[in-house]
Each structure stands twice: as C-alpha cells, then as structure tokens.
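Engineer: Structure in structure tokens, see below.
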Amino acid sequence: MYVVQIASECAPVIKAGGLGDVVFGLSRELENQGHCVELILPMYDCMRYDHIWGLHDAYRDLFVPWYGGEIHCSVFCGWVHGRLCFFIQPHSDDRFFDRGYYYGGYDDPMRFAFFSKAALEFLLKSNKRPDIIHCHDWQTGLIPVMLYEMYQYYGMERQRVCYTIHNFRHQGVAGVEILHATGLNRESYYFHYDRLQDNFNPFAVNFMKGGVVYSNFINTVSPHHAWEARFTDVGYGLGHTLEIHQDRFSGILNGIDYNSWNPEADSLIPHAYSADDFSGKAKDKQALRDALLLQNSSKPIVAFIGRLDDQKGVHLVHHAIYYALGREAQFVLLGSGTSVDINNWFLHEKRFLNDNPDAHLEIGFNEELAHLIYAGADMMVVPSKFEPCGLTQLISLKYGTIPIVRGVGGLLSTVFDRDYDLNHAPEKRNGYVFYQTDYNALESAMERAIGLYYGYPKEFEKLMQQGMEYDYSWQHSVKQYENAYDFIRYK
C-alpha cells in the first residue's frame, strides 16, 4: 500500500510530545512491512534541521487557495532517519510556522487549517494518489472534510482516510472564518450538529469532530481509552459523536521503538543488561546516583519522567516524592511544567530538597538523562488523571523498572497488578495499579512495591523480569493498522 502520513509532528525532527514518536515509529514499521510511506509536515523554523538528510526543493511553486486568493508555498523534501518527509513552507505575512514554537499561537486553528489545505493541494498538484491518507489529532481534522467535500471532485475520489486521535483534550475549536479561509464556505451546511458544529458551542466549528464525522476509520491509541472516550468525560464532549460513528471507531495500542529503547543495546546508558542478567542495571543505578549526587545506599530509586501538568496527576507526583522519602526510598524526577505556576512550584521543591541526599529534581528535559533514569530506577510512578496510551510505562517495563500506574487508558491496557489482577496469571503480571486520585490510593500501590523490594527481593526481581518479557513493539500494533487500512480501501 501507498500511505501518506500527515501530522504536525514527527520525532526527532519535530517533537513536542508522544505524537511525534508515534508518527515516526508507525511509519518506520509500515515500511518494514513492505509499504510505501511518505510524510507531510509543516516546515517550522525551530525544528531540528540536523536530523534531516538531503533537504532539497521538491515542489517550488505551490499556490494554495486561501480566502478567495492564494498563498505561495515551497515544498521541501528530505529524509528523517530513513523516512521520506515533505515539509510545507508558506511564504506569507502570517508567518504560520516561522515563530519559534510548534504550538501555542492565538491563531493555531488557522495555522493548521492552512497546513491541511496545503497538504491536500500538494497531493493534488503533484499527482500523488495514496491508498491511505493517515491524519493525526485535531491539527489535521479538516483534511477528511475537505477531501470529501472538495478534493474528491478534482481527481481524489479514491483516497481513504484513517484518523488517529492521540488526545481528546485539544480539539481545535474555531469560528466561521475557518470555513471562508479554506473555501468550505457554506455556513448553514457546516454549522450542523451532524457535521462540524461543536457539540456544545453552536457558533464554533470543531476540527476533531470533523475528522470523526468524515473519516473512513477513526481510532485512538489504546482499547481502554476508546471505551473511556465514548462513555466518560475523557472524550471531552465528543462521546455522542463517537457513539454515532462507533462502527468506524476503535482503539489500537501504540508501540514503542525498541531500536531506541532497549537496555541490551542502548548507547545512552553506561552498562547494557537483559532479563537474564541484571548486573548491568545495578551498575546503571550506581551511575545514576553518581550523576545526580545521590548518596550510595541500599534504598530503591523511585522515578517520574514526563510533563508536569494536570493531566499527569501533578498533585500525586508531588506527593509521591515525599512519600518515597518517608518510606526509605530515593526519588528522581525529570520533567518541566506546562504552566508557569506548576513550573515554579516544582522549582521551589527542587530548592527545598537541594541538600537532601536521597532526592533529585531535574526541571526540564534531557534525553540522555531520561535513558539513564529508566535504566537506573527501580520503580516508575505514572499517576495520570487520564492517559490515552502512555509511553513511560512501556519503556519502564522494557528496562525492568516496575511501573506504578493509575488504572486509566493505555496504562490499564498494559500494566497488570501483581496482587489483584485476576485476568492475568501471576507470571503475567508486571506492575502495580491504583484507581482513585487521592493520596491514599497512591500510597497503597507505592507501599506494596517498596514493601516487595525490601521484604522479598527475589520476588521483586521476578516481577522486573516478567515486565521485560512483554513485547510492546510496533510489530504488533502495525498489523492492526494494516487491517484497518484494508478495511477502508475498498469501501
């Protein structure tokens, strides 16, 4: 099959979160399975150009219809670690992607509406006719709308769309100006509950809703999160729309890239190790202590890696630090706040704990340090309020770092409680799960994990090994995407 991925991110050249990792990992595995894959991305001024090889002009004069006129664009082509990527660069006073950031502009809906329009124009005018156009998140939600309502009449009637939702929290809500800018225009037609009208704001269009209504197949990134999106408030208002289109909606678990995340071959950790030989992990634990100036001791290291924001259960992250220290454990944190208040809160905690020999808080992000923490830590806390899939717990399992997670979304699909999971045999359990959002629930799970470490070290090591035996690589997930592609190709 010929597949074109259209997204706002692709790691490592454009990465703000897990979306970039998924787009890259899925694309590479599709190619490994023999498919032809190309990617279309915005050409941000701040992306990692050092990860692009052979960047050159691919389509110099692309004129994109916009507001009754047109905007001149250039399309560049290059390889990102083997993936063939096309980057769209608009030449406009709007400077859509020349702002030093990926997201956060007041006009983000307009920026990505233009990108979606330009991507379709590029496919049309370059005579690219993929079997599947795979779109990701709200930024590309208008692509299936414009394909069905406009571009199919210009020779793109055979293209089918798979639409993957990575986070329902951000849906792309905007006003009528989006219709006029893109040429969709007909307000009375699109401002209808069955089309683009936001489910709760009758004066707004919703990009993500458009993607759900118009795509041939819709999925989110874990089976349990698909259920949550339909039946709980995690769908952020789209539950009824998903219910209407349930025959085209499912959950496909994300994979992780074991070329990058594998303790047997990780070049960013000092000592390799495997499920059969943990001696390297013990040395990595010592290396982590040395790097962060933690005292040498027999204490376990509990860690947190990720964004510090409300979605990630930041109040529980904070509580986990002090509970671990009070329970004779060390704690390492690597993350940055998504708001000034949260960032300042944890900077304050960092200063307060600066002289504590059992704690280190690294406010920011460091890829090399992340690898060392995964390798050196004994446990990883993931107390998210909601988590569509989650990569932290998948990486932790591979590194023999026992995850302690809240039972939501992809966390519940991948981590199975050692003591209480009745759906998995004892030898298939791999971590600890709690369900409530209060301190007692978190403490209960942490107590069981730390208690096992101190009281039954052989059982703790066995649980580490059981986690490492799980295979959450893209090889499994890609088969489900292939089935979805086949399902819609001939509809």
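Just so it is clear, none of the values below were taken in a lab; they were calculated from the coordinates. On a predicted model such as this, the values are computed, not experimentally measured, just so you know. Glycine gets a Cβ as well: all are built from the backbone with ideal geometry, and neighbour counts include every protein chain shown.
Engineer: With all pairs of different alpha carbon atoms counted, what Kirkwood hydrodynamic radius in Å does the stretch 49-99 show?
Structural biologist: Its Kirkwood hydrodynamic radius stands at 11.9 Å.
Engineer: If I model a spin label as a point 7 Å beyond the Cα along the Cα-Cβ vector, how far apart are those points for HIS240 and GLU328 in nm?
Structural biologist: Here the answer is 5.7 nm between the modelled labels.
Engineer: Could you give the angle, 0 to 90 degrees to the nearest 10, between helix 279-292's Cα long axis and the longest principal axis of the Cα atoms of the chain?
Structural biologist: Once rounded, the angle reads 80 degrees.
Engineer: For helix 367-376, what angle does its Cα long axis make with the longest principal axis of the chain, in degrees from 0 to 90 and rounded to 10?
Structural biologist: Orientation of helix 367-376: about 40 degrees from the principal axis.
Engineer: Next question, about the same structure. Could you calculate the FRET efficiency of ILE488 with HIS192 from 1/(1 + (r/R0)^6), where r is the beta carbon distance between them and R0 is 22 Å, rounded to 0.05?
Structural biologist: Step by step, r from the Cβ atoms, then E = 0.35.
Engineer: Run a plain Debye calculation on the stretch 45-147 (Cα atoms as equal point scatterers, no solvent) and give log10 I(q)/I(0) at q = 0.11 Å⁻¹, rounded to two decimals, same order as the q list.
Structural biologist: -0.34
Engineer: While we're here: Averaged over all directions, how much area does the convex hull of the C-alpha atoms of the stretch 280-353 cover when projected, in nm²?
Structural biologist: Dividing the Cα hull surface by four gives the mean projection, 5.2 nm².
Engineer: If you don't mind, another one. How many nm is it between the label spots at LYS462 and LYS428, if each spot is 7 Å from the Cα in line with the beta carbon?
Structural biologist: Going by the 7 Å Cα→Cβ label model, 1.8 nm.
Engineer: How much length is gained if the chain between ASN356 and GLN295 is pulled fully straight, taking 0.36 nm per residue apart and subtracting their Cα-Cα distance, in nm to one decimal?
Structural biologist: Going from the current span to full extension adds 21.0 nm.
Engineer: Assigning unit charges at the beta carbon (Lys, Arg +1; Asp, Glu -1) and nothing else, what dipole magnitude in debye, to the nearest 20, does the chain show about its Cα centre?
Structural biologist: Its charge dipole is roughly 520 debye.
Engineer: Additional query: Highest mean first, how do 142-152, 63-73, 404-414 rank when packing is the count of other Cβ atoms within 10 Å averaged over residues?
Structural biologist: 404-414, 142-152, 63-73
Engineer: Of the options GLY409, SER297, ASN343, report the single residue whose Cα projects farthest towards the positive end of the charge dipole of the chain (beta-carbon charges: Lys, Arg +1; Asp, Glu -1).
Structural biologist: GLY409
Engineer: Also, I was wondering about something else. Which value, in Å to one decimal place, does the Kirkwood hydrodynamic radius take for the stretch 320-399 when every pair of different Cα atoms is included?
Structural biologist: 13.8
Engineer: Still on this structure, please answer the following. Angle between the Cα long axis of helix 457-468 and the longest principal axis of the chain, 0 to 90 degrees, nearest 10?
Structural biologist: 20
Engineer: Still on this structure: For VAL37, which sequence-distant residues (separation of 5 or more, or a different chain) have an amide H within less than 5 Å of its own amide H, given hydrogens modelled in the peptide plane?
Structural biologist: Distant-sequence amide H within range of VAL37: VAL3.
Engineer: Could you give the nm distance between label points at SER336 and SER444, where each point is 7 Å from its Cα heading toward the beta carbon?
Structural biologist: Going by the 7 Å Cα→Cβ label model, 3.7 nm.
Engineer: Still on this model: Taking one equal scatterer on every alpha-carbon of the stretch 279-472, how large is log10 of I(q)/I(0) by Debye at q = 0.10 1/Å?
Structural biologist: For the stretch 279-472 at q = 0.10 Å⁻¹, log10 I(q)/I(0) is -0.35.
Engineer: Straight-line reach from LYS15: which lysines have Cα under 21 Å away, leaving out those fewer than 8 places along the same chain?
Structural biologist: LYS312
Engineer: How high is the relative contact order of the stretch 91-190, in percent, counting Cα pairs under 8 Å that sit 6 or more residues apart?
Structural biologist: That works out to 29 percent.
Engineer: Ranked highest first by the average count of other Cβ atoms within 10 Å around their residues, in what order do 370-381, 38-49 fall?
Structural biologist: Final packing ranking: 370-381, 38-49.
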